[in-house]
Amino acid sequence: MHVYKEKEKLRGETPIKEYNYFCEKYVSTFEFVHELFEIYPVLYRIIEEKIENFIKYYIEIFDFFEKDKNKIGEKICGGKLVKRIEEIDFSLSDSHKSGKRVAKLKLDNGMWILYKPRAMKNDEIYMQLIQWISHHIGMKQYEYPFLTYEEHSWTYIVEQSSCNSEKELENYYVRFGIHLFLTYLLGAQDLHYENIIAAGEYPVIIDLEALSGIPRKQKGRSIDEIIYHQLVESVWNTGLLPFCWGTQRRKGVECSGINGKGGQKYLFKIPVVVEGGTSNMHIEYMCPISEEKQNLPKIKEGFIDISHYKAKIKEGFCKAYHIALQRKQELYCWVTKLKNCECRCFMEDTQRYGMLLFSSYHPQLLKDGAEREIFLQAMWDNRNKNDYLIVDSEVKELLRGDIPFFSFHMDSKNLLLGNGGVISNYFMNTPMELLYQKVRLLNIKDMEKQCEYIDISFDILQAPKQQCVNKVYKTCEKKVDCSVVERNNTANSKLVDMYIERLLKYKVFNYDNTEISWYTIQLEDQYGWSVKTMNIYLYDGLAGMFLISCFLQKYQNTREIAKINKILQSTLFHYTEKGYESMKNLQSQNVGAYEGESSILLTYLIAYQYKKEKIYLDYAKKHIKIIEQLIQMDTNYDVLKGNAGAVLVLLKLYGICPEKKYLVLAEKAVDRLQERALNLEHGVGWEIEKQVPMAGMAHGNSGILMAFVGMWKKTNKSKYFEFAKKY
């Protein structure tokens, strides 16, 4: 169209009229279509295949409708007679398995229903389970009619409605807590705001394809793998809570089942048609905006913040948990019904599939089928050769215009591919084995832990980023030796005792008690909050925990604290040994004083000064060999991660052990800083983490200034003082 416009072949007074002229005069002609497909033969094959698939799918829907329409009228339409389908809407879901997708149908009796190209056995058993638990609690859950068959199903469309009172709203959240327990128990995943409908005082979960999940990574023996599996098997992984972790976070958008809202801006960009229906139509890359769904419960006054109902959610969760504990044998019988169910398995984020598929329709890729297939081989990114069958299936499904689909049967270890293939024994256990194990391991301690995860979700929800950064706190004027807490100071003792209790409560050992760690909650720059296992460093890692355990030993040298201290010391020593052998064994290439390799050196120096044990100084000198290789590679520059922090720690080492080589190394680090400085309108600065130069201590000029002033004081070289004055 743009080519025709440039050649002045379009007629019309406005871009809209030019567009209409183009469609009527050219696009609708055989000659134009023939020329188009001559240039883009891949486009012809794609359209031809889609038409064939649509025809087959239409026939499938109408054939099943003719067979089932009497039962549809009887069960779903409340006895209303059904004769024919009047409208079909295919816009509700992605395409899978040769163009099949959920269809919204308008019947001749005026009702709208859904056709699904799969059985709803999962939904059926889930509904039975939730009613069984709720019955013993003394509540009812929402039931909606549907018909399920081996390969298809018909279902009533649940609509959002408001609560009539505050009591009904409270009941909604108690029921939500019951749902949260059951989805946690079953290992359900991907239950976001598209999957919840607030029907008055009843939360209704729909589309339970992924009713029971199985971890993609098999349970390992390392401490990081153990913590990963604790998190992946927690309430956080359901997607229902306002704080989700790992792949459940969708790049800055709160999409949880309980609190996901429309109007939120995603942080990534997608291609969007701009000025559609005009001769100026073109593609621009824009950040999409999340759409409003039906998941938020309301009363006449409107939506009320969910933070007021945390206690009600926990009430429902705990009541359901207690029923499961009291009636475990009955629960075993109920979950056994899932034995013959099939559940969807997510190998990649659906969003990634969708963006790759959309991009594969670029005109340059529609000229040669081989080029389009090569482009889709991008699915190999972050994969290994063992994933060959999975990637092969993904590429084939994307080539035919489908979002790749994987699944498993609950009583099988096999992975079912969307192209009809099977990977035998893909999983180490059957999902049923894992589900039975989870039922067996239910206990009060786990219930309390999951309730703490719920608390964390709501605490973070009430603490947006702007409330968590750049705060100023006034400290007491009296200097306090933090390493010593007087026993007769009751307030201090209570605080330390509380800290020790939490330290011991949340610790996680590996199977042979040779590793220990904790999970941490961190505020990330772009994507909000995240939960991670601790890294090795000082700021939010095991080095910091080691120093804390050293100080606590002086306060309360129990066997448990001594054990923690010994394991953490061994972990740090082992890390230095492995890093000394190869740089590939390091957790990062950062060299800073708090989130880099210099933080390990600083930890050894503090431990040496505190304990007076020479072994820490020996390991400090050994770790210098690692830092030496990183200084010239630094691109962080600041105190936390960069050379400024390395300089400060090297000067501390030089003060303890005044060997000239340490001062020389510090000079190399500060010279690197000087080389990478940017001349600004007023003074100098450094571009750190792709942000404009900052003035603060952790990431800015204040911290870097300390490195230059420190070097000037130690070397008495005026060049450092002169450069510092540029700040």
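The values are calculated or read from the model by the stated rules, or taken from the named source; none is laboratory data. The structure presented is a predicted model; accordingly, all values stated were derived computationally and were not measured. All Cβ positions, glycine included, derive from the backbone under ideal geometry; neighbour counts span all protein chains shown.
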Specify the residue that is surrounded by the fewest Cβ atoms within 10 Å (Cβ to Cβ); the eligible residues are those in region 378-419 that are closer than 23 Å to Ser360 by Cα and of a type in the set (Asp, Glu). Asp381
Output the residues belonging to region 429-452 that are assigned to a loop (DSSP other than H, G, I, E, B) and touching a His at 6+ places or on another chain (Cβ under 9 Å). Thr430
All but one of (1) more than 26 Å from the chain's Cα centre (by Cα); (2) of a type in the set (S, T, N, Q); (3) farther than 25 Å from Gln329 by Cβ hold for Ser407; state the number of the condition that does not hold. (1)
List the number of the failed condition for Tyr537; all other conditions in (1) in a loop (DSSP other than H, G, I, E, B); (2) surrounded by fewer than 19 Cβ atoms within 10 Å (Cβ to Cβ) hold. (2)
Filter result (under 19 Å from Asp618 (Cβ atoms) and among the aromatic types (Phe, Trp, Tyr)) within region 542-587: Phe546, Phe573, Tyr575, Tyr580
Do we have any residue at all in region 357-364 that's surrounded by 17 or more Cβ atoms within 10 Å (Cβ to Cβ) and not in a helix (DSSP H, G or I)? yes
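Counting residues that are at pLDDT 90 or above, which helices (runs of 4 or more DSSP H) fully inside region 606-718 reach at least 1? Working first, answer last.
Values: elements: 614-630, 643-656, 660-676, 701-715.
Per the criteria, 614-630, 643-656, 660-676.
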With Ile133, Ile76, Ile113 as the choices, which residue is farther than 27 Å from Phe54 by Cα and crowded, with 18+ Cβ neighbours inside 10 Å? Ile133
State whether one or more residues within region 35-48 are surrounded by fewer than 16 Cβ atoms within 10 Å (Cβ to Cβ) and over 27 Å from Glu397 (Cα atoms). yes
Given the criteria part of a loop (DSSP other than H, G, I, E, B) and modelled with pLDDT of 95 or more, does Lys104 qualify? no
Single condition Asn122 does not satisfy, out of (1) surrounded by fewer than 19 Cβ atoms within 10 Å (Cβ to Cβ); (2) polar (S, T, N, Q); (3) under 31 Å from the mean Cα position of the chain (by Cα): (1)
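Would you point out which residue out of Tyr426, Tyr388 is among the aromatic types (Phe, Trp, Tyr) and assigned to a helix (DSSP H, G or I)?
Numbers: Tyr426 fails: assigned to a helix (DSSP H, G or I).
Matching residue, one of Tyr426, Tyr388: Tyr388.
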Which one is modelled with the lowest pLDDT among residues in region 438-477 that are charged (D, E, K, R) and under 21 Å from the mean Cα position of the chain (by Cα)? Lys465
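Residues are listed down the side, and each one gets a yes or a no for (1) within 24 Å of Glu675 (Cβ to Cβ); (2) surrounded by fewer than 23 Cβ atoms within 10 Å (Cβ to Cβ):
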site	(1), (2)
Ala593	yes, no
Ser598	yes, no
Gln609	no, yes
Lys622	no, yes
Gln629	yes, yes
Met633	yes, yes
Tyr654	yes, yes
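State yes or no: is Tyr637 on the phi > 0 side of the Ramachandran plot and either buried (at least 20 other Cβ atoms within 10 Å of the Cβ) or not assigned by TED's automatic domain parsing to the domain that holds Phe551 (or both)?
On the way: on the phi > 0 side of the Ramachandran plot: yes; either buried (at least 20 other Cβ atoms within 10 Å of the Cβ) or not assigned by TED's automatic domain parsing to the domain that holds Phe551 (or both): yes.
For Tyr637, the condition - on the phi > 0 side of the Ramachandran plot and either buried (at least 20 other Cβ atoms within 10 Å of the Cβ) or not assigned by TED's automatic domain parsing to the domain that holds Phe551 (or both) - is met.
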Name the residue, out of Asp68, Asp63, that is in contact (Cβ under 8 Å) with a residue 24 or more places away in the chain, charged (D, E, K, R) and assigned to a helix (DSSP H, G or I). Asp68
Filtering region 365-385 down to residues that are assigned to a helix (DSSP H, G or I) and of a type in the set (Asp, Glu) yields Glu371, Glu373
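Conditions tested, residue by residue: (1) within 25 Å of Ser95 (Cα to Cα); (2) basic (Lys, Arg); (3) touching a strand residue (DSSP E or B) at 6+ places or on another chain (Cβ under 8 Å).
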| site | (1), (2), (3) |
| --- | --- |
| Pro117 | yes, no, yes |
| Met120 | yes, no, yes |
| Asp123 | yes, no, yes |
| Gln128 | no, no, no |
| Phe146 | yes, no, yes |
| Glu151 | yes, no, no |
| Ser161 | no, no, yes |
| Asn164 | no, no, yes |
| Phe176 | no, no, yes |
Would you mind finding the one in Tyr26, Tyr57 that is among the aromatic types (Phe, Trp, Tyr) and modelled with pLDDT of 95 or more? Tyr57
Which of (1) acidic (Asp, Glu); (2) at pLDDT 90 or above; (3) part of a loop (DSSP other than H, G, I, E, B); (4) surrounded by 15 or more Cβ atoms within 10 Å (Cβ to Cβ) does Glu348 not meet, given it meets every other one? (2)
